[in-house]
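Quick one: the structure is below, and I'll ask about it shortly.
The values are calculated or read from the model by the stated rules, or taken from the named source; none is laboratory data. Just so it is clear, the structure is predicted and the values come from calculations on it, not from any experiment. Neighbour counts run over all protein chains shown; Cβ positions are idealised from the backbone, glycine included. The area values use the complete protein model at the heavy-atom level, side chains included, leaving out ligands, DNA and RNA. Shrake-Rupley method; radii C 1.70, N 1.55, O 1.52, S 1.80 Å.
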Amino acid sequence: MESKQMKVNDTMSPELEKQDTNTTFQEIDLSGGNQLERGLKSRHIQFLALGGAIGTGLFVGSGGILSLVGPAPLFMAYLSMMIIVWVVMNDLAEMVTYLPMKGISIPYFVGRFVEPSLAFADGWNYWYAYAMLVAAEATAGGIILQYWTDAVPIGVWIAVILIVNLLLNIVAAEVFGEAEFWFASIKLIAIIGLIILGVVLFFGGGPNHDRLGFRYWKDQNGYGAFRDYLVPGDTGKFLAYWTAFVRAGFAFITSPELIALAAGETVAPRRNIPKAARRYVFRLALFYGFGSLVIGVIVPSNDDRLLSENSNASASPFVIGIQRAGIQGLNHVINAAILTSAWSAGNAFLYSGSRVLYSMALSGQAPGIFRKTTKRGVPWAAVLFTWLIGCLAFLNVSNNGATVFTWFSNISTISGFIAWIVAMVTYLRFRKAMQHHNMMDALPLRTKLQPYATYFALFIITILTLTNGFQVFFPSRWKLSDFLAAYITIPIFLVLYLGHKSYTATHHVIDKQNSTGGKLPLKDKIREWFSACVFWTRVEDIDVWTGKKEMDELEKMDVPPVPKNFVEKFWFWLA
């Protein structure tokens, strides 16, 4: 069933064939052996997304937020960001469940439901965000491995991490999915264990029998629930929360997209994608909600080890809390779990970046070489090129490795915010087109509070993107490097968008001039150029039919598994 090649051209249903859609998006070309295979199961894509979301942002990055603003803003920021993630995941799930075609990516939907230039900019934005995240996670993994020994240069550890990630991504989808499933399983077991440990220490169950409670949330001994940020009083507390909100984004960016990107390689996508999306959000809320609360319980915000310049696994607030409780040996176990976390996240980001590049090549927005796949359906050229950019991690061989890691993190975070803005705009256009064509009932998945939740999340993320570097505008905090790290991604995105818009408009004028025998007055050239600069596809022209017929047929062929006993019933519920 899954091995059938699905054409995505000429797929309108008979009753809709006569409608003129005037599509401006570039259709996916799956000819010439450019097929991915449906080898990912529900548990694979759920753990792929969780593996990408639960990385060094939770295990290490949360410590930096704690030391800067205190436990209350840390906890509030993660819960607030979870609301945004829930909305973005719902938006993406609705679109990809409706059209879970092979080779799709978020930029494909942007080009189809909004317009091609935005899709071009969004695709390359996604790609370099994922490539930078591959480098960031490899860097973190190298530093973590140095926790045990300094005898081996960090460049060696980075090379080992990158080579393993490459090998896991170059094999067939089911092998990659299985590896990521077990990677993420180890990490999830670790975070569950740490949450349980936090509860035990809360009630005084540690070796020293010291009942912590919410001791570190009380304003005493230099720590408290809030640490005023930049200015004193309530304004300082609000700025502390807002700073934590921005920084919490690094832990979540691009993670909702992981499930959407895997839709084209998922078995029975219309059954498994909604299932994975729902469980992913609630599991993420559980881990980050309790995880961030536990961190604020077991470590005071003024612990000097949170601010160590040689930030490695010992800077993890979980490890610090274990050391403060007097638990021997567990720090090595947690360090190994953090290593698995970085490895797993890097693995997921390499997968996602390569699939974005592959999909762009199919729609003509990236060089054709990236359409090449192996006999087992792996886009090897896209994987290899994304991996090569991830090798920027070797910049950490120099003495300013921490600075390079921070740069990777900053550019990835803002790229992720921009990508979410584009995704939500795309969903709103998709929904409006479905309403215009009276096809809302054709949606296999409809989520709650729409479209109002999307409008709310879109407003919040836009404000976060514009204010993410507000600190640099305080005279005492101005640094050119900090300003560039906070805002350089915005002009890069605009250059990609406007550059593609200008390029396509110019080619339109050239084609128009050629069609008139090479004679076109300057005034007409200018008019044609601006007429070609369309910033969105009209709702009545948005194509909501192409691919639907094949996906409907694929859904009809799906036979949901029936549990034979209680164990299987529990497993189907869990995975």
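Looking at Ala382, Ala361, Ala366, which is the one that is open to solvent by less than 50 Å² (accessible area, probe 1.4 Å), small (Gly, Ala, Ser), within 23 Å of Ala260 (Cβ to Cβ) and free of Cβ contacts under 8 Å to residues at least 24 places away in the same chain?
It is Ala361.
Select from the stretch 341-399 the residues that are among the polar types (S, T, N, Q) and outside any helix (DSSP H, G or I) and write down the one among them that is modelled with the lowest pLDDT.
So, considering only residues that are among the polar types (S, T, N, Q) and outside any helix (DSSP H, G or I), the one modelled with the lowest pLDDT is Asn399.
Sticking with this structure for a sec: Of these, Val299, Val267, which one is aliphatic (A, V, I, L, M) and either modelled with pLDDT of 80 or more or in contact with a Cys (Cβ under 9 Å, 6 or more places away or on another chain) (or both)?
Val299
Let me ask you something else. Quick test of your reading of the structure: Ala225 fulfils all but one of (1) modelled with pLDDT of 85 or more; (2) in contact with a Phe, Trp or Tyr (Cβ under 6 Å, 6 or more places away or on another chain); (3) assigned to a helix (DSSP H, G or I); (4) among the aliphatic types (A, V, I, L, M). Name the failing condition by number.
Ala225 satisfies all of (1) modelled with pLDDT of 85 or more; (2) in contact with a Phe, Trp or Tyr (Cβ under 6 Å, 6 or more places away or on another chain); (3) assigned to a helix (DSSP H, G or I); (4) among the aliphatic types (A, V, I, L, M) except (3).
Just the residues that are over 19 Å from Ser117 (Cα atoms) and at pLDDT below 80, please, taken from the stretch 486-520.
Lys512, Gln513, Asn514, Ser515, Thr516, Gly517, Gly518, Lys519, Leu520
Further question on the same structure: Which residue out of Val87, Val164 is modelled with pLDDT of 90 or more and either under 25 Å from Leu384 (Cα atoms) or touching a helix residue (DSSP H, G or I) at 6+ places or on another chain (Cβ under 7 Å) (or both)?
Unique residue meeting the criteria: Val87.
Quick grid of which residues meet (1) touching a strand residue (DSSP E or B) at 6+ places or on another chain (Cβ under 6 Å); (2) surrounded by 15 or more Cβ atoms within 10 Å (Cβ to Cβ); (3) under 21 Å from Tyr126 (Cα atoms):
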| position | (1), (2), (3) |
| --- | --- |
| Met440 | no, no, no |
| Pro444 | no, yes, no |
| Val472 | no, yes, no |
| Ser476 | no, no, no |
| Ser481 | no, no, no |
| Phe493 | no, yes, yes |
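If you don't mind, another one. Report yes if some residue within the stretch 190-213 is at positive phi and open to solvent by 60 Å² or more (accessible area, probe 1.4 Å); otherwise report no.
yes
Does Tyr497 satisfy the condition of being closer than 17 Å to Gly111 by Cβ, open to solvent by 80 Å² or more (accessible area, probe 1.4 Å) and not basic (Lys, Arg)?
Spelling it out, it is not the case that Tyr497 is closer than 17 Å to Gly111 by Cβ, open to solvent by 80 Å² or more (accessible area, probe 1.4 Å) and not basic (Lys, Arg).
Can we say Ala248 is assigned to a helix (DSSP H, G or I) and either closer than 30 Å to Gln471 by Cα or among the hydrophobic types (A, V, I, L, M, F, W, C) (or both)?
Yes; evaluated as a whole, the condition is true for this residue.
Give me the pairs: first residue in the stretch 78-98 and open to solvent by 10 Å² or more (accessible area, probe 1.4 Å), second residue of a type in the set (A, V, I, L, M), beta-carbon distance under 7 Å, and six or more apart or on different chains, which are they?
Here the result reads Met82/Leu284; Met82/Ala285; Trp86/Val281, each pair linking the stretch 78-98 to a residue that is of a type in the set (A, V, I, L, M).
Is it the case, given these coordinates, that Val231 is in a helix (DSSP H, G or I), open to solvent by 10 Å² or more (accessible area, probe 1.4 Å) and either at pLDDT 85 or above or in contact with a Gly (Cβ under 8 Å, 6 or more places away or on another chain) (or both)?
So Val231 does not fit the description; no.
Could I ask something else about it? Specify the residue that is farthest from Phe417 (Cα to Cα); the eligible residues are those in the stretch 234-258 that are among the polar types (S, T, N, Q) and open to solvent by less than 70 Å² (accessible area, probe 1.4 Å).
Thr243
Condition check ((1) touching a residue at least 12 places away in the same chain (Cβ under 8 Å); (2) of a type in the set (A, V, I, L, M)) across all residues:
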position: Trp217; (1), (2): yes, no
position: Gly222; (1), (2): yes, no
position: Gly233; (1), (2): no, no
position: Gly249; (1), (2): yes, no
position: Pro256; (1), (2): yes, no
position: Ala262; (1), (2): yes, yes
position: Arg270; (1), (2): yes, no
position: Pro274; (1), (2): yes, no
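Do we have Val267 as surrounded by fewer than 21 Cβ atoms within 10 Å (Cβ to Cβ), within 22 Å of the chain's Cα centre (by Cα) and more than 23 Å from Thr413 (Cβ to Cβ) here?
Yes.
Quick grid of which residues meet (1) in contact (Cβ under 8 Å) with a residue 24 or more places away in the chain; (2) in contact with a Pro (Cβ under 7 Å, 6 or more places away or on another chain); (3) over 27 Å from Ala268 (Cα atoms):
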{"position": "Asp150", "(1), (2), (3)": "no, no, yes"}
{"position": "Pro153", "(1), (2), (3)": "yes, no, yes"}
{"position": "Ile161", "(1), (2), (3)": "yes, no, yes"}
{"position": "Ser185", "(1), (2), (3)": "yes, no, no"}
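Here is a yes/no grid of residues against (1) of a type outside the set (S, T, N, Q); (2) surrounded by 12 or more Cβ atoms within 10 Å (Cβ to Cβ); (3) outside any helix (DSSP H, G or I):
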{"site": "Lys519", "(1), (2), (3)": "yes, no, yes"}
{"site": "Lys525", "(1), (2), (3)": "yes, yes, no"}
{"site": "Trp529", "(1), (2), (3)": "yes, yes, no"}
{"site": "Val544", "(1), (2), (3)": "yes, yes, yes"}
{"site": "Leu554", "(1), (2), (3)": "yes, yes, no"}
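Looking only at the stretch 124-135, decide whether some residue is over 30 Å from Thr504 (Cβ atoms) and either of a type in the set (A, V, I, L, M, F, W, C) or touching a residue at least 60 places away in the same chain (Cβ under 8 Å) (or both).
Yes, the stretch 124-135 contains a residue that is over 30 Å from Thr504 (Cβ atoms) and either of a type in the set (A, V, I, L, M, F, W, C) or touching a residue at least 60 places away in the same chain (Cβ under 8 Å) (or both).
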